[in-house]
Amino acid sequence: MALPPLMGASAPPITALILGSRSIPDYSPRIATLLDDVPGSRIVAVDIEPDEACPAGWEFSPAFIGRPSTGRMFYHANAPICSSLYRPNWDCMNQYDDLSSLAVLCAERVNVISLDEFTQGKRPIHFIGADIQGAELEAFTSGPLTLADTLMIQAEAQVAPMYEGAPMWRDLDAGLDAMGFMLYRPIAYQAFPEVGLTTDYGDGSGRCMWGEFLYVRKDYAALGADALLRLAVLSHIHGQRHLATVCLERAAGRAVAEEYVRLVRPALATPEKGEKE
């Protein structure tokens, strides 16, 4: 849903950082609308190499971000979006239908830098989207200065042990909780059926392998007006309209929040084509 003009005009610029920016066919991340929504905003994209499909206006930088180390192994997968600093766990994945996209084509030694080292000169970072195949938690742990200004995090995490030694969602959740973020809601998941007589009932059934989770600062209610306006925009972009309303009311007053509700409610009756909830 398009951002109401009253929000785009009043919100200060927002900087978003996308860890793992390689494009996914037939999918556009919600944050991609930010550059049109809020004047002066930036999207900084990070991956191991440029993506020809990277949206116009995104600022791309190649990097391996996580626990700082020299000469660490990186595993290039059959599907580039599945490449990881962690080796695939085939003891788990061989139990499920066709996860060949994770098959390792080759491995190389790479230098890994911390999140704070990467964002030096780019901070403050207000939003982080992380999809780096098991390395999300170590990236966050390596970025206390970065996370000090971050308002919202969208992170993928494994629910089944798909990568050897990689943190699970429960580890990510505990880690972000300790860093001052609360789980706002799960927003997506991917399931695969067990190998057997039939592996395609067409109903999406199977074991949940990984998911995407939305986190918000625990102390958001005590933030200043600019931070609340930024969080209101990010909440709207990610479909969290209740949170957007609360932030707007605290930042700009009840009248502005009521106008937001008036503008948004009619549009919800007819979802935009292709909108994913």
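The values are calculated or read from the model by the stated rules, or taken from the named source; none is laboratory data. Values in this document were obtained by computation on a predicted structure and should not be read as measured data. As a convention, Cβ positions derive from the backbone with ideal geometry for all residues, glycine included, and neighbour counts pool all protein chains shown.
Residues that are touching a Phe, Trp or Tyr at 6+ places or on another chain (Cβ under 6 Å), modelled with pLDDT of 95 or more, part of a strand (DSSP E or B) and buried (at least 20 other Cβ atoms within 10 Å of the Cβ): does segment 195-214 have at least one?
yes
Checking G121 against (1) out of contact with any helix residue (DSSP H, G or I) (no Cβ under 9 Å at 6 or more places or on another chain); (2) at negative phi; (3) not in a strand (DSSP E or B), which test does it fail?
With (1) out of contact with any helix residue (DSSP H, G or I) (no Cβ under 9 Å at 6 or more places or on another chain); (2) at negative phi; (3) not in a strand (DSSP E or B) applied to G121, the lone miss is (2).
Of the residues that sit in segment 10-55 and are part of a loop (DSSP other than H, G, I, E, B), of a type in the set (A, V, I, L, M, F, W, C) and surrounded by fewer than 21 Cβ atoms within 10 Å (Cβ to Cβ), which one is modelled with the lowest pLDDT?
Going through the qualifying residues, I end up with A53.
Step by step: first the residues of segment 192-218, then only those that are among the charged types (D, E, K, R) and over 20 Å from the mean Cα position of the chain (by Cα), then the one that is nearest to G180 (Cα to Cα). Which residue is that?
The selected residue is R207.
Restricting segment 59-76 to residues that are out of contact with any Ser or Thr (no Cβ under 7 Å at 6 or more places or on another chain) and part of a loop (DSSP other than H, G, I, E, B), which is surrounded by the fewest Cβ atoms within 10 Å (Cβ to Cβ)?
Out of the qualifying residues, it is A63.
Mind telling me which of the residues R217, R241, R230, R250 ends up being surrounded by 15 or more Cβ atoms within 10 Å (Cβ to Cβ) and in contact with a Gly (Cβ under 7 Å, 6 or more places away or on another chain)?
Answer to the check: R217.
Does L229 satisfy the criteria of being under 23 Å from P4 (Cα atoms) and either touching a residue at least 60 places away in the same chain (Cβ under 8 Å) or under 20 Å from the mean Cα position of the chain (by Cα) (or both)?
yes
So, in segment 124-167, exactly how many residues are in a helix (DSSP H, G or I) and among the polar types (S, T, N, Q)?
2
Given the criterion surrounded by fewer than 16 Cβ atoms within 10 Å (Cβ to Cβ), charged (D, E, K, R) and in a strand (DSSP E or B), identify the matching residue among R185, R170.
Matching residue, one of R185, R170: R185.
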